[in-house]
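Take a look at the structure below.
The values are calculated or read from the model by the stated rules, or taken from the named source; none is laboratory data. Just so it is clear, the model here is predicted, and its values are computed rather than measured. FYI the Cβ positions are ideal-geometry reconstructions off the backbone, even for glycines, and counts take in every protein chain you see. SASA here: full protein model, heavy atoms, side chains in, ligands and nucleic acids out. Shrake-Rupley method; radii C 1.70, N 1.55, O 1.52, S 1.80 Å.
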Amino acid sequence: MMQDMGVPNTVDIPIFILSKHPIDDFTPNVNVVVEQVGHISIEEYVALNEENLVAAGWEVISSDVDPVTNGGVIVVMNYAFGAPIYQFQRYAMGNGKAYVITASQVPEGDLSQGLKDDLTSIINSFRVIQ
């Protein structure tokens, strides 16, 4: 899958969780991306990712960085697949690696808020243990 997506060899996707219940022909999911980044700061890394998302056609809804915790969050919307796709990404840095936990869902539908709460709970449960 990673080769098909053109993911560079500095990137690994050790976790990819798919919901058993598609919504509007989209399967909500959570994935974790680990990237070797060396000594880049969290501010630089989140800014770079935000620039890349905008360049790819994503609408950035919000972005925040906390240098004290070495973390950040970007919330985006993408309309490229017909129906809008809503993603929220939690960023963490440690030991020369960036960890990006992304939750994806469609923003429409009766289950949307409950699903958003569940996905938020999942991505907020991750911690970098050094």
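Students sometimes get this wrong: rank Tyr91, Tyr99, Tyr79 by accessible area, probe 1.4 Å, all chains present, largest first.
Tyr79, Tyr99, Tyr91
Quick one: net charge around Pro67, please, counting Lys, Arg +1 and Asp, Glu -1 for every other residue with C-beta under 12 Å from its C-beta.
Once positives and negatives cancel, what remains is -4.
Separation between the Ala47 and Asn29 pseudo-spin-labels, each 7 Å from Cα along Cα→Cβ, expressed in nm?
Calculated label separation equals 3.1 nm.
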